[in-house]
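Okay, so here's the structure we're looking at.
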Amino acid sequence: MLKRFFIICSGADKNLIYSCSNGEQNKYAGIGATVFFTAVMAFIAASYALYTVFDNIYTSIFFGLIWGLLIFNLDRFIVSTIRKRDKFGQELLQATPRIILALIIAVVISKPLEIKIFQKEIDTVLLKEKNELAMANKKQVANYYQSDLDKNKAAIDSLKSEITKKEKEVNDLYSTYITEAEGTSGTMKLGKGPVYKEKREKHDAALAQLDTLRKTNQEKIIAKEKEAATLLASQDKKITESQPIIDNFDGLMARINALNKLPLLPSLFIMLLFLAIETAPIIAKLLSPKGEYDFKLEDSETALKTNLAQNTYQRELMRTTDAGIYDDVYAEIRQDRELYNYKKKKAIELLEMQADSFSEKQKSVM
């Protein structure tokens, strides 16, 4: 039962292969088994690759099954259409497009399985890339808000600078009227005279201005600090919102890129293994000598070609013969006087009817 199934997978003609020896049947059963298991591996590879895309096992299995059936049909077609020739060069030339197609299929099948086999190493590469993306994202978001934060900080510094400047002015006025009272500067007279009073009033006025400025600027500073806190909160929120996107950076394309960053040799060996599996039926058929099945198939095809050529020749001969017969028949008819007189009579009658009809129309118009 299993042998029959694998023979069907090989694409061999059932009527011919079952009339061959047991060894010949085993050869094609082996080719069919290779075709079948290649399709199974294609199904597994495609299902895993699609699972990384859709993240749904049922959808992945469904489309993976379709892909596996497609690969099975292609491989079966490739193997069944290769014919054994008398010269190896002709066979190789015939198989070259099929080998190229097998190479493409092998690469497509091997990549998803390579991703699964090297999953831990790929996860390490992806973790490093995610960390780099997270740092770059924080830097980019910080740069986006930096100008507003710098403006806010400059405004706060400017308000604080105004207060500091006014405090220095008040301190200077305080020092001026104190030294005036002590007689160490100004009029150099000890005591609280008119000049002292004038300087003290100027200091008190500046102190009142300082209190007003301090109160006004403090309110502005608090508002600016709240605005800065809001900007920082927005910055943190934007970073937090974009983090899930970075965390989900593990799709099929990301894993393929991560795989390409790993050492080439292990990945190359796996691809070569799949290439060997995929091209095994073709190589086996190229290297194997002509067998009983090939001779019977060639005999059947040659008989069919001969039959078609004979039928075509017979149809062409019948056509040319019939054409010659009809040429002779119509040539004799052309010389028949009785037929000529009959046609002449009918032509005269037709002309008379046309003349009568024309005359009647003319009379009706008049």
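The values are calculated or read from the model by the stated rules, or taken from the named source; none is laboratory data. The structure displayed is predicted, hence computed values, not measured ones. Note: ideal-geometry Cβ built from the backbone for every residue, glycine included; neighbour counts use all protein chains shown.
Filter segment 69-116 down to the residues that are of a type in the set (D, E, K, R) and under 23 Å from the mean Cα position of the chain (by Cα), then identify the one that is nearest to ILE283 (Cα to Cα).
LYS111
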Counted residues in segment 24-49 being of a type in the set (Gly, Ala, Ser) and without any contact (Cβ under 8 Å) to a residue 60 or more places away in the chain come to 5
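Conditions (1) in contact with a His (Cβ under 7 Å, 6 or more places away or on another chain); (2) assigned by TED's automatic domain parsing to the domain that holds ARG83; (3) modelled with pLDDT of 80 or more; (4) closer than 30 Å to TYR18 by Cα, marked per residue:
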position	(1), (2), (3), (4)
GLU298	no, no, no, yes
THR302	no, no, yes, yes
TYR313	no, no, yes, no
LEU317	no, no, yes, no
THR321	no, no, yes, no
TYR330	no, no, no, no
LEU339	no, no, no, no
ILE348	no, no, yes, no
LEU351	no, no, yes, no
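Would you call PRO289 farther than 30 Å from GLU121 by Cβ, surrounded by 15 or more Cβ atoms within 10 Å (Cβ to Cβ), at pLDDT below 80 and not hydroxyl-bearing (Ser, Thr, Tyr)?
no
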Scan segment 94-118 for residues that are of a type outside the set (Phe, Trp, Tyr) and surrounded by 19 or more Cβ atoms within 10 Å (Cβ to Cβ) and jot them down.
ALA95, ARG98, ALA102, ILE105, ALA106, ILE109, SER110, LYS111, PRO112, LEU113, GLU114, ILE115
Looking only at segment 202-257, which residues are among the acidic types (Asp, Glu) and either at pLDDT 80 or above or in a loop (DSSP other than H, G, I, E, B) (or both)?
ASP211, GLU219, GLU225, GLU227, ASP236, GLU241, ASP250
Within the group ILE348, ILE333, which residue is more than 30 Å from ILE7 (Cα to Cα), assigned to a helix (DSSP H, G or I), of a type outside the set (S, T, N, Q) and in contact with a helix residue (DSSP H, G or I) (Cβ under 9 Å, 6 or more places away or on another chain)?
ILE333
Scope segment 102-143; condition free of Cβ contacts under 8 Å to residues at least 60 places away in the same chain and hydroxyl-bearing (Ser, Thr, Tyr); matching residues
THR124
Go through (1) modelled with pLDDT under 80; (2) among the charged types (D, E, K, R); (3) within 60 Å of the chain's Cα centre (by Cα) for LYS189 and report which single condition fails.
(3)
Restricting segment 1-56 to residues that are within 33 Å of the chain's Cα centre (by Cα) and assigned to a loop (DSSP other than H, G, I, E, B), the residue that is surrounded by the most Cβ atoms within 10 Å (Cβ to Cβ)
GLY11
Tell me whether segment 284-291 contains one or more residues that are closer than 30 Å to ILE44 by Cα and free of Cβ contacts under 8 Å to residues at least 60 places away in the same chain.
yes
Out of curiosity, is ARG214 closer than 30 Å to VAL107 by Cβ, outside the structural domain of THR34 (by TED's automatic domain parsing) and touching a residue at least 40 places away in the same chain (Cβ under 8 Å)?
no
